[in-house]
Amino acid sequence: MAGSFLVGAASGLVMGPCTAPALAVVLGYAATRQNVAFASSLMFVFAVGMGTLLILAGTFAGLLAGIPKSGAWMVRINRICGWILLGAGEYFLITAGMLWS
C-alpha cells in the first residue's frame, strides 16, 4: 500500500510542472464560458487524457526490459541527435536574423 502511494506521489511531482500550463489554459477557457457543465466536461476530458497516459505507461513498462543495452550504437544516436539540435538552432538563429534585418 505504501508503495502505491509513493509511485502516485512521484508521478504527481513529475507530471505537475508539465501539466500546469495546459491545465491553466483549460481552466481559463472554462472560466470565460461561465458554464458549470461545460467546465466540468472539460476537466473530465482532461483527467481522462492524463489517466490514459499513466495507464499506457504502466501497461507497457514491461517492454522496457526488451530494449537492447546501450553501447556504440547509442553513442552514434546521441551524436546524430546532437547534430540535429545544432542544425535546428542554427535555422532558428538565421530565421530570427532575417526577421530583424
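The values are calculated or read from the model by the stated rules, or taken from the named source; none is laboratory data. As the structure is a prediction and not an experimental result, all values here were calculated from the model. Every residue, glycine as well, gets a Cβ built from its backbone with ideal geometry; the counts of neighbours run over all protein chains shown. To get the accessible areas, we keep the full protein, side chains included, count just its heavy atoms, and leave off ligands, DNA and RNA. Shrake-Rupley method; radii C 1.70, N 1.55, O 1.52, S 1.80 Å.
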Filter result for Leu23 (under 21 Å from the mean Cα position of the chain (by Cα) and open to solvent by less than 90 Å² (accessible area, probe 1.4 Å)): yes
May I ask you to list the residues in segment 1-51 that are at pLDDT 90 or above, among the polar types (S, T, N, Q) and in a helix (DSSP H, G or I)? Thr32, Ser40, Ser41
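Of the residues Leu13, Leu53, which single one is of a type outside the set (Phe, Trp, Tyr), surrounded by fewer than 10 Cβ atoms within 10 Å (Cβ to Cβ) and free of Cβ contacts under 8 Å to residues at least 12 places away in the same chain?
Residue meeting the stated conditions: Leu13.
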Mind listing whichever residues of segment 56-79 are more than 20 Å from the chain's Cα centre (by Cα), surrounded by 10 or more Cβ atoms within 10 Å (Cβ to Cβ) and assigned to a helix (DSSP H, G or I)? Trp73, Met74, Val75, Arg76, Ile77, Asn78, Arg79
